[in-house]
1. What percent does the relative contact order of chain B come to when contacts are Cα pairs within less than 8 Å and at least six residues apart?
2. Please check: in the Gaussian network model of chain A (C-alpha springs, under 10 Å), which one of A:25, A:51, A:12 has the largest mean-square fluctuation.
3. Need one number for the protein assembly as shown: average projected area of the convex hull over its C-alpha atoms, nm².
4. What list do you get for A:80, B:106, B:54 if you sort them by fewest beta carbons within 10 Å?
5. P(r) of chain A in 10 Å steps, Cα pairs, percent per bin?
6. Using only the Cα atoms of the stretch B:27-75, each taken as one equal point scatterer with no solvent, compute I(q) by the Debye sum, divide by I(0), and report log10 of the ratio at q = 0.16, 0.25, 0.29, 0.33 Å⁻¹.
7. Which of these, B:92, B:60, B:19, has the largest mean-square fluctuation under a Gaussian network model of chain B (Cα springs below 10 Å)?
8. Would you mind computing Rg(Cα) / (2.2 N^0.38 Å) for the stretch B:38-111, counting N as its residues?
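Every read-out reported here was derived from the displayed coordinates using simple, explicitly stated rules and does not represent laboratory data. What you are looking at is a predicted structure, and each value in this text was computed from that prediction instead of being measured. Note that we place each Cβ from the backbone using ideal geometry, even for glycine, and neighbour counts take in every protein chain shown.
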């Protein structure tokens, strides 16, 4: 069966510090990968998606970037965090051409 | 893009009560999913239901794609049902599958 892992679960970072969140998927190959953010107010917003290694599409311009160095690895990064980057970040995957998405456990980021 | 409206935004139930959560869509429903976000934040897949009705234990869901809405029924609610329920409409394009979410229904089940 497929599993998705995300870490860390919780992170507190000072303003201006770098960020690296990692997500890996097991049990499948060539998945589509996604980063979503959930800010206060509960809504989930798609930030980035990737259909293959090195292929990144951004949905919302922001202070963040994403990379996919390996088939089942997706990384969310920032060079300098802003207070507004605080939130709950969720990684997700779907099959190529699939119609259902599955989410990781999430990372709660607080920028102080 | 498609707009997803969920109602009610908040719901408080006595344990054992039944409830109906609703999602309305501004455009065609393609690949609808219902999720439960538990107190730890994880999104748990409940149903993939682009049309028709499905049941899983005390939960069932119905999507009427032609009328652009979906319903989630919770029967005999338990305190463990508390959390936020999201619906999302998935669109496939450029090789990916992207979900547009509603703002969720926050359910609180009290003993």
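1. 36
2. Among A:25, A:51, A:12, the largest mean-square fluctuation in the Gaussian network model of chain A belongs to A:12.
3. Projected area, direction-averaged: 12.0 nm².
4. Placing the least packed residue first, the sequence is A:80, B:54, B:106.
5. 15, 51, 29, 5
6. -0.45, -0.91, -1.07, -1.21
7. Comparing B:92, B:60, B:19 in the GNM, the peak value goes to B:92.
8. Dividing the Cα radius of gyration by 2.2 N^0.38 Å gives 1.21.
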